[in-house]
Amino acid sequence: MTKHYPDLMLYIGGAWRKTADAQPVLNPADEAVIGAVPVASRADLDDALDAAAKGFNVWRRVSPAKRAEVILKAARLMRERIDEIAHDITLEHGKPLAQARLEVIRGCEFFEWDAAEGQRTYGRVIPSEPGIKYIVHHEPIGTVAAFSPWNFPMSQPARKIGGALAAGCSIILKAAEETPAGAFHIARAFHDAGLPAGVFNLVFGVPADISSYLIPHNQIRMVAFTGSTAVGKHLTGLAARHMKPVLMELGGHAPVIVCDDVDPVAAAITSAVRKARNAGQVCTSPTRFFVQERVYEAFTRAFAEKARAIAVGNGLDAATEMGPLANHRRIEAMEMLVADARAKGARVLAGGERLGNRGYFFPVTVMADLPDDARAMREEPFGPMALINPVASLEEAIEKANALPFGLAAYAFTHSARNADQLAEGIEAGNVSINTLEASIPETPFGGVKESGYGREGGLEGLAHYTVIKNVSHRMMIA
């Protein structure tokens, strides 16, 4: 085991604990075992439920300003520990160290935004006749069961923990077993910041076992999940059977529309660099490119050239621009999608094959002229794959962008105000970005439509999910 990787434990009721069972954590760059993640037992989950109930009774009575002090202190500690946290994330995930550092900063920004916004969960007084008042309160919903994915080990848990704690809720987080260190460092920071026992609890284990056990319990009042559409549907159904509200941030297959009024080379270089971020393992990663015919060849050529130049390697190497995929399953998925596209007539302009036989390395892969029935055009690759097709008009591009049941993020490049308005109105997605490939920042709401999910994270809309609305009608006694 690598000595620099943390000794992982569960965090329940303000205390660290070991477990009898554990499973290995692998470094995707060389497939070496770097640590062991503990697997929670039913007894551990029962303790977490009890601790969260007690923690909620304490934390809900703490003023928003005092809550903010604790959250901000934890964020400061994480910023101070950025080198350690980023190193551990790179070891377990593979992303370049510079990207891991940016993820830690982004996670801290989520905490800092929620800490501030939690102090502005204002109610209101509704005008009425003399002698009676109608007062609307926003109260914390209760204990949240949260499930975070492996692709962003620190910033994805931060979104859920930050919203829950700022609203006054307690939370039980089931973080990803493949990349557990990010959530572990968050728990450590909140422990050191003085968060009351039981307010934040961290567990690991078999996802289906933990979700099926936690969600039906009365202590759980809300379910927050980021992951695949298939699992999201399952958890939503489970929550519905017990009348639990959900926040679901699910899969996408982001379209990018390139209009013929922009510099195609500049747009292509920007897109290729973004495609390589996190090795394309991002639910908002730009993937389906619909390029107007006049600039199609120039865009495609420049994209492929830039893709071939991106340095793939160990994330701890300063020269690396893109690390490995997360596991062997991602390699198999990429190979299957490339083979299917090739068989259906697509041109492979860059990448397309695994690099080496140790470590899960796969280059940025660019394919052009794909038929609509190619599997890659219908299934989210969740890897460094770009699919480029020509379109005759903006209307055709929007139609193709909306053709799938997903609607998380969408992008476009244009300098025309008319085009921008048509894109903003016509694209079916929760997040539409024009001339930028950034889908969200802490102060803006983030989430999908159609099969890409329900609810929003970030912004004041995100915090609202962790509250319930209570109306108090008060008639004064008249002497």
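Taking a point 7 Å from the Cα of Arg475 along the Cα-to-Cβ direction, the residues of region 125-165 with backbone N closer than 16 Å to it are 128-135.
Net length available on complete extension from Asp192 to Trp16 is 62.1 nm, with 0.36 nm assigned per residue and the Cα-Cα distance removed.
Note that region 255-441 carries a Kirkwood radius of 16.4 Å, evaluated over its alpha carbons pair by pair. Annotation: extensible slack from Ala318 through Val125 equals 63.8 nm (criterion: 0.36 nm per residue apart, minus Cα-Cα distance).
Each peptide in 101-110, 144-153 gets a packing score, the mean of other Cβ atoms within 10 Å over its residues, and the list from highest to lowest is 144-153, 101-110.
Report the antiparallel proportion of the DSSP beta bridges in the chain as a percent, rounded to a multiple of 5. Antiparallel: roughly 45 percent of the beta bridges in the chain. Our note on the geometry: Cα centres of region 106-179 and region 224-285, 22 Å apart.
Counted as membrane-span-like here are DSSP H helices of the chain whose alpha-carbon atoms extend 15 Å or more along the helix's own axis and whose Kyte-Doolittle mean is 0.5 or above; these are 264-276. Note on the chain: dipole from Cβ charges, positive end direction compared against Phe56, Ser228, Ser440; the farthest Cα belongs to Phe56.
Cβ under 14 Å from Arg375's Cβ, Arg375 left aside: what net charge do those residues give with Lys, Arg +1 and Asp, Glu -1? Neighbourhood net charge equals -3. With Cα atoms defining each centre, region 386-454 and region 22-61 are spaced 37 Å apart in the structure. As a rough footprinting exposure proxy, the listed residues Tyr466, Tyr122 were ranked by other beta carbons within 10 Å of their own, and the order from fewest upward is Tyr122, Tyr466. Evaluated with a Cβ-only charge set (Lys, Arg +1; Asp, Glu -1), region 255-441 carries a dipole of roughly 720 debye about its Cα centre, given to the nearest 20. Restricting the trypsin sites (Lys or Arg not before Pro) of region 419-479 to loop positions (DSSP other than H, G, I, E, B) with no more than 11 neighbouring Cβ atoms within 10 Å leaves nothing.
Quick one: Debye curve from the C-alpha atoms of region 112-169, no solvent, what's log10 I(q)/I(0) at q = 0.19, 0.23, 0.25 Å⁻¹? Log-scaled intensity ratios, in q order: -0.76, -0.93, -1.00.
In the chain, one over the average inverse separation of all distinct C-alpha pairs is 23.3 Å, which is the Kirkwood hydrodynamic radius. Over all projection directions, the Cα-based convex hull of region 1-145 averages an area of 11.9 nm². For region 262-366, run through the trypsin sites (Lys or Arg not before Pro) and keep only the ones in DSSP coil with at most 12 other Cβ atoms within 10 Å of their Cβ. Qualifying residues, ordered by number: Arg358. For a paramagnetic label modelled at 7 Å from the Cα of Ser228 toward its Cβ, which residues of region 273-289 fall within the zone defined by backbone nitrogen distances under 17 Å? Zone members listed by number: 281-284.
In terms of distances greater than 31 angstrom between alpha carbons, the cross-link table entries Lys95/Lys233; Lys133/Lys233; Lys66/Lys174; Lys160/Lys306; Lys306/Lys450 yield Lys133/Lys233; Lys160/Lys306; Lys306/Lys450.
Relative contact order of region 255-441, taken over Cα pairs closer than 8 Å and 6 or more residues apart, is 27 percent.
Zone of Arg329 (label point 7 Å along Cα→Cβ, backbone N under 15 Å): which residues in region 271-310? 281-282, by backbone N distance to the label point.
The alpha-carbon atoms of region 160-201, seen along their principal axes, cover 29, 19, 14 angstrom, with the largest extent given first.
Note on region 105-233: percent of Cα-Cα distances in each 5 Å bin, starting at 0 and stopping at the bin with the largest distance, equals 2, 10, 19, 21, 18, 12, 7, 4, 4, 2, 1, 0, 0. Ratio of Rg to Rh for region 424-479: 1.30 [Cα atoms; Kirkwood radius as inverse mean 1/r over pairs].
Quick note: the coordinates plus some simple rules give every number you see, no bench work behind them. None of the values given here were measured: they were computed from a predicted structure. Every residue, glycine as well, gets a Cβ built from its backbone with ideal geometry; the counts of neighbours run over all protein chains shown.
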